[in-house]
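The values are calculated or read from the model by the stated rules, or taken from the named source; none is laboratory data. Quick caveat, the model's predicted, so the values are computed rather than measured. Note that we place each Cβ from the backbone using ideal geometry, even for glycine, and neighbour counts take in every protein chain shown.
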Amino acid sequence: MNASFAIMISVIMRDVRLGWSQGGTGTMSLSFFFIAVTLFPFGVGPEPQVLTRIAPGVIWVVALLACLLSLDRLYQADYEDGSLDDLALSPAGLLPVVIAKILAHWISTSLPLVLLSPLLGLLMNLPAEGYVQLVLSLAIGTLALSFIGSIGAALTVAMRRGGVLLSLLVLPLYIPSLIFGVTGIDAAIMGLDVLPHTALLSAITLVAVVLGPIASASAIRLALE
Amino acid sequence: MNEIVNTGDYSGYIALSYGIVTVVLLAVAVFSKLGQQKARKEAEALKALRKSRVEDF
Amino acid sequence: MHIFANPARFVRLADKIMPWAVVVFIGTLGYGLYLAFFDSPIDYQQGESVRIMYVHVPAAWMSMFTYMVIAVSSFVALVWRHPLAQIAGKAAAPIGAAFTALALVTGALWGKPMWGTYWVWDGRLTSVLILFFLYLGYMAIWQAMDDEEKAGRAAAILALVGSVNIPIIKFSVDWWNTLHQPASVMRLDGSTIDGSMLWPLFMMAIAFQAYFVIVFFWRMKLEIDRRKIAVLRLQEVSGS
């Protein structure tokens, strides 16, 4: 138990450092998030009421796409240079490594995005009542996105151009998180109870946390054969 | 017994529905059957080729 | 389980079932169509357009049934490494995708006169659309990998993940927006549909089921032969 814990910590540290080193996925998905959200006022017009209406949905959809864009490198770099083989053979086994890599992905790409989201809410004219729920729902929801996305990343790891296929596999599975993430923010804005939405969102995240690593690990074992 | 309140003419929609269902299901069936026959012939040809080689040898 | 693992035995069994499936298909299709067009009443609300239901509802049922076939065979393929189970998923997927697409198209053609629009973002429509996307993803992963054995197991993992997600998607989408009427045939307290409309529906449902069996067996045999060809080619090249 202790050994696998130590491996998990070291994998997380390594991946987060890599994600934030020069040209890492962390900085890039954060920039993408920022730029893509600012495109919407140009597309739909700058009327404050319109922006208020679409703000939760736009921020959530763009956060989802930012997560998706960084996913295809989740296991690929390690697969190509062979370190995934070493990690799979480590005494701890593949499962803790997979969990660690998913958590590292979340910390390096989604967490900064969650922290930056209030600023984008400001740009999108999000009402004051929505901010707490925006940050909360993104924090819980993006965790599910990383865990579900990991399955797609693991299935496409051995493919040279797996990125498009990855989106096709993963996007339908993202829909429940998106629905409850956005309805929760809408409820908060309208002054309604947010607990049911948050609870359902958390339930989906829990299912993803249980299911994601198991499916990812078996997909990676398949690719390593 | 309920009285029929809707007596509109929907024959166009009905014809189109049944037409599309027929075309799509027929296409899937024909495509599958043709593919299956082609694969069977190829497998048999390969097997025959193999057999004749073995006999030649 | 391994009784069915032998492809030759499976083909023999399929050849035995095939004529019966064809007879059932032709019989139920003929009788079902006769009932649907000539011997079933006009719905007091839907009018003549109720006749679209006799293909729409079976297609929608089959779209879910086929996914269940894929999910079960994926489970068998992963747990017992059963070679035919992998092939079964691959053979069923295009048929299921076709049923799903037909459920969507006929639903749209029914919706236009009834709801006044081809498409609404209603719970059921949306979840069937997502089911169609899941079929596309499943078929895409088969295409994307060269190694058939590996592709089969990757697709099986995806199908199982999808099968866990389908209830979640369904219920989240229903929560999100709902206009579609609730299920009226498959209900615990008995059907709310009159027998005169139930009969054509069931006949057509059996016909669709028989169609699935026929085409599914053709596709199974196609995949079995394709694997055989691949093995023979390999032996040819290696000169053994």
Inset, instruction - Would you be able to tell me the number of residues in region C:85-119 that are over 24 Å from B:G35 (Cβ atoms), touching a helix residue (DSSP H, G or I) at 6+ places or on another chain (Cβ under 7 Å) and more than 11 Å from chain B (Cβ to nearest Cβ)? - result: 2
Inset, instruction - Return only the number of the condition from (1) in a helix (DSSP H, G or I); (2) surrounded by fewer than 17 Cβ atoms within 10 Å (Cβ to Cβ); (3) of a type outside the set (A, V, I, L, M, F, W, C) that A:P91 does not satisfy. - result: (1)
Legend entry - Restricting region A:147-168 to residues that are free of Cβ contacts under 8 Å to residues at least 24 places away in the same chain and in a helix (DSSP H, G or I), the residue that is farthest from the other protein chains (Cβ to nearest Cβ): A:V164
Inset, instruction - Examine region A:191-198 for a residue that is assigned to a helix (DSSP H, G or I), without any contact (Cβ under 8 Å) to a residue 24 or more places away in the chain and buried (at least 20 other Cβ atoms within 10 Å of the Cβ), and state whether such a residue exists. - result: no
Inset, instruction - Give the residues of region C:6-61 that are of a type in the set (D, E, K, R), within 13 Å of another protein chain (Cβ to nearest Cβ) and part of a loop (DSSP other than H, G, I, E, B), sorted by residue number. - result: C:E48
Legend entry - Tabulated pairs, region C:12-31, first small (G, A, S), second surrounded by 14 or more Cβ atoms within 10 Å (Cβ to Cβ) and part of a helix (DSSP H, G or I), C-beta under 7 angstrom, 6+ apart or interchain: C:A14/C:F217; C:A14/C:M220; C:A14/C:K221; C:A21/C:A210; C:A21/C:V213; C:A21/C:I214
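For region C:82-104, does any single residue satisfy the condition of being modelled with pLDDT under 85 and more than 18 Å from C:V215 (Cβ to Cβ)?
The answer is yes; a qualifying residue exists.
Going by the structure shown, is C:I166 touching a Pro at 6+ places or on another chain (Cβ under 7 Å), touching a residue at least 24 places away in the same chain (Cβ under 8 Å) and either facing another protein chain (nearest Cβ under 7 Å) or not aromatic (F, W, Y) (or both)?
On the way: touching a Pro at 6+ places or on another chain (Cβ under 7 Å): no; touching a residue at least 24 places away in the same chain (Cβ under 8 Å): yes; either facing another protein chain (nearest Cβ under 7 Å) or not aromatic (F, W, Y) (or both): yes.
No.
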Inset, instruction - Considering (1) over 19 Å from C:A210 (Cα atoms); (2) surrounded by fewer than 16 Cβ atoms within 10 Å (Cβ to Cβ); (3) modelled with pLDDT of 90 or more, say which one B:G12 fails and leave the rest. - result: (3)
Inset, instruction - Could you check A:D78 against (1) surrounded by fewer than 18 Cβ atoms within 10 Å (Cβ to Cβ); (2) without any contact (Cβ under 8 Å) to a residue 24 or more places away in the chain and say which number it fails? - result: (1)
Legend entry - Looking only at region B:15-57, and only at residues there that are surrounded by fewer than 15 Cβ atoms within 10 Å (Cβ to Cβ) and among the basic types (K, R), the one that is farthest from C:Q46 (Cα to Cα): B:R53
Inset, instruction - Please go through region A:119-146 and pick out each residue that is touching a residue at least 40 places away in the same chain (Cβ under 8 Å) and surrounded by fewer than 17 Cβ atoms within 10 Å (Cβ to Cβ). - result: A:L123, A:P127, A:E129, A:V132
Legend entry - Qualifying residue in region C:67-87 (condition: touching a residue at least 60 places away in the same chain (Cβ under 8 Å) and in a loop (DSSP other than H, G, I, E, B)): yes
Inset, instruction - Mind telling me which of the residues C:V164, C:V185 ends up being within 21 Å of B:I14 (Cβ to Cβ) and at pLDDT below 90? - result: C:V185
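Taking the condition outside any helix (DSSP H, G or I) and either surrounded by 11 or more Cβ atoms within 10 Å (Cβ to Cβ) or at pLDDT 90 or above (or both), does B:N6 pass?
Values: outside any helix (DSSP H, G or I): yes; either surrounded by 11 or more Cβ atoms within 10 Å (Cβ to Cβ) or at pLDDT 90 or above (or both): yes.
Considered against the rule, which asks whether it is outside any helix (DSSP H, G or I) and either surrounded by 11 or more Cβ atoms within 10 Å (Cβ to Cβ) or at pLDDT 90 or above (or both), B:N6 comes out as yes.
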Legend entry - Checklist (1) at pLDDT 85 or above; (2) buried (at least 17 other Cβ atoms within 10 Å of the Cβ) applied to C:G123, failing item: (1)
Legend entry - Restricting region A:1-59 to residues that are at pLDDT 90 or above and of a type in the set (F, W, Y), the residue that is surrounded by the fewest Cβ atoms within 10 Å (Cβ to Cβ): A:F42
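Suppose we filter region A:82-113 for residues that are free of Cβ contacts under 8 Å to residues at least 40 places away in the same chain and closer than 29 Å to A:F33 by Cα; how many remain? Quick ask: steps written out before the conclusion?
Filtering region A:82-113 down to residues free of Cβ contacts under 8 Å to residues at least 40 places away in the same chain leaves A:82-83, A:86, A:89, A:111.
Next cut, closer than 29 Å to A:F33 by Cα only: A:111.
Count: 1.
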